[in-house]
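Here's the structure we're looking at; comments come further down.
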Amino acid sequence: MIRVTCLGGAGSVTGSCYLVESPNNQKILVDCGMFQGGRQMEGRNKEAWGFDPKEIETLFLTHAHIDHSGRIPKLVKDGFIGRIITSPPTAELCEIMLLDAAHIQEMDAEWQTRKNKRQAGTDVTPLYTTEDAEASLKLLHPMERDQIITVEPGVKARLRNAGHILGSSILELWVEDGGDALKIVFSGDLGKKEQLIVKDPHEIFNADYLFVESTYGNRRHRTFEESKQELVEAIHYSVSAGEKIIIPAFAVERTQELLYILGEFLRDGLIPNIPIYLDSPLAIKATEIFRKNKKYYDEEARAIVDSGYDPFGMPNLRFTPSTRDSMAINEASGSAIVIAGSGMCTAGRIKHHLKHNLWRPGASIVIVGFQAKGTTGRQIVDGAKQVKIFRENVAVRAKVFTIGGFSAHADQGDLLEWVSHFESNPKVFVVHGEAVASTALAEKIQEKLHLITHIPVWKERLILKSRELMAEELPVEEEIPDVKTAMLNTIIDLENELKALRKKVKSAEVEKVMGDEEIDRLKYIQDELKSVFGS
Ligand SMILES: [Zn+2]
């Protein structure tokens, strides 16, 4: 009997982590990602693992994105000394990503400690430190894809190309159970066909159990050509107003795809020769890794290299690794394209660019990536009239362009097509999606492909045996303390918001101050309350 416990990336798109336990009690982990998006979700990062990290001998890492890799240093801090098997480009990308994540954790803890001191509170320790991240890097075991390896007695594995970001992999896992070997496939994050730079996802025909992602399980992306057209429009919109085009982008893959597309626009004369700033030290380093790893490019990207162009470089591209150079961007007048992190506008230099440009009519905010619930990026996409940046309310007067076609994720059609290649009628666990997305994909898989599906919830333990699907209920004791703190914090925030609004309502000039924005704010609070207490 094989057990798989969904410790993250179940009922959410972040925190990916699956524990596989073999009949011989071997424990294998698939991904160890960070939970992101709001205080409640992030609180999960501090919770107990639900297993002893010392007992894990192998961790498979599907790709370098932080929502799949970001808790590895914590795992190491808590005793993991096994090996991390992943593709060579993922290992290279992890070096920059995990050190960056550790730096963010350290800065956050320092800021929290300073804040607490003003209220006579205690010191806050970071989730992990640079030292923990450095120790994690020593455990990386890069392995080329497409070869079967014996991981432990009775456990074999193979990585296949997932076509999502450079180095991203699907995991095929064979685990012996009695006389049989059950095959479990974890899709990781899947890309779509014809995606820039990376090769198409590998088609797999065989599995007993399949764990498939569903980030965009309920959506169809617009075509790539339409999306390129929209990006050209966004650029022209702000160029004619003399304003900036701000693009929040994930440092890995999305940024390089944008550079690749902008290079194409410039070669084809579709956009004017305005400065393009890559304002993210992490993205600058990631771009260098992309430049080095030409072996993993698809045919089109290789053809560009062969014809003498750098697919990630152009004469008007400026890297701004230093804070001084970054700040100078906002002092410079005139149009420019600014690509900065973080991709969901929750941290990093993008917040400064939003603060300087969101309120400017004529500026453009171009959203090219998934925006999880609870993030500033999601509020902007959802049409908020103002958002809070550095504790300040900033009006949204810039034009927001949401361009879905650059997504590095397969959409509903791509996911269905990929699952349709399985000839062995696997049982399908739909994971890594918000509830609506997972449900929509599961329904389509049942309807079109006639496969049995199940959507596991967070911490659900699945029993995989003779292709029978069973779910064991777990006791709920472990959730209480952190959830309670998170709820209390949310209530305190909401009380403050309500106080401020009550003051406005009571004031003599109520007619003037209660505009659409305040009414939106009240609705937002109402939604927050519903999400905290359940509707
Ligand atoms: Zn990803």
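The values are calculated or read from the model by the stated rules, or taken from the named source; none is laboratory data. All values reported here derive from a predicted model rather than from experimental measurement. Every residue, glycine as well, gets a Cβ built from its backbone with ideal geometry; the counts of neighbours run over all protein chains shown.
Quick notes
- Restricting attention to segment 76-89 and to residues that are outside any loop (DSSP other than H, G, I, E, B) and in contact (Cβ under 8 Å) with a residue 60 or more places away in the chain, the residue that is farthest from E42 (Cα to Cα) turns out to be P88.
Rundown of residues vs (1) within 30 Å of V428 (Cβ to Cβ); (2) touching a Pro at 6+ places or on another chain (Cβ under 9 Å); (3) within 16 Å of the ligand (Cβ to nearest atom), yes/no style:
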{"residue": "M107", "(1), (2), (3)": "no, yes, no"}
{"residue": "E110", "(1), (2), (3)": "no, yes, no"}
{"residue": "K117", "(1), (2), (3)": "no, no, no"}
{"residue": "H141", "(1), (2), (3)": "yes, no, no"}
{"residue": "D146", "(1), (2), (3)": "yes, no, no"}
{"residue": "R158", "(1), (2), (3)": "yes, no, no"}
{"residue": "A162", "(1), (2), (3)": "yes, yes, yes"}
{"residue": "V185", "(1), (2), (3)": "yes, yes, no"}
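- Residues of segment 142-177 that are in a strand (DSSP E or B), over 23 Å from the mean Cα position of the chain (by Cα) and closer than 19 Å to K295 by Cα: none at all.
- Picking from residues in segment 28-48 that are assigned to a loop (DSSP other than H, G, I, E, B) and more than 15 Å from H68 (Cα to Cα), the one that is modelled with the lowest pLDDT is G38.
Matching residues to (1) of a type in the set (D, E); (2) buried (at least 21 other Cβ atoms within 10 Å of the Cβ); (3) touching a Pro at 6+ places or on another chain (Cβ under 7 Å):
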residue	(1), (2), (3)
R291	no, no, no
D306	yes, no, no
S326	no, no, no
I339	no, yes, no
H356	no, no, no
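- The strands (runs of 3 or more DSSP E) found entirely in segment 360-439 that carry 2 or more residues being buried (at least 23 other Cβ atoms within 10 Å of the Cβ) are 364-367, 427-431.
- Pairs with Cβ under 6 Å, 6+ apart, first in segment 270-298 and closer than 25 Å to V239 by Cα, second in a helix (DSSP H, G or I) and of a type in the set (S, T, Y): D279/S326; A283/T255
- Residue list for segment 226-248, restricted to those being in contact (Cβ under 8 Å) with a residue 60 or more places away in the chain and farther than 23 Å from A332 by Cβ: E226, S227, K228, E230, E233
- Residue satisfying condition, being at pLDDT below 95 and within 30 Å of K228 (Cβ to Cβ), within set E152, E176, E194: E194
- Output for segment 437-464, where each listed residue is closer than 12 Å to Y209 by Cβ and of a type in the set (V, I, T): I452, T453, I463
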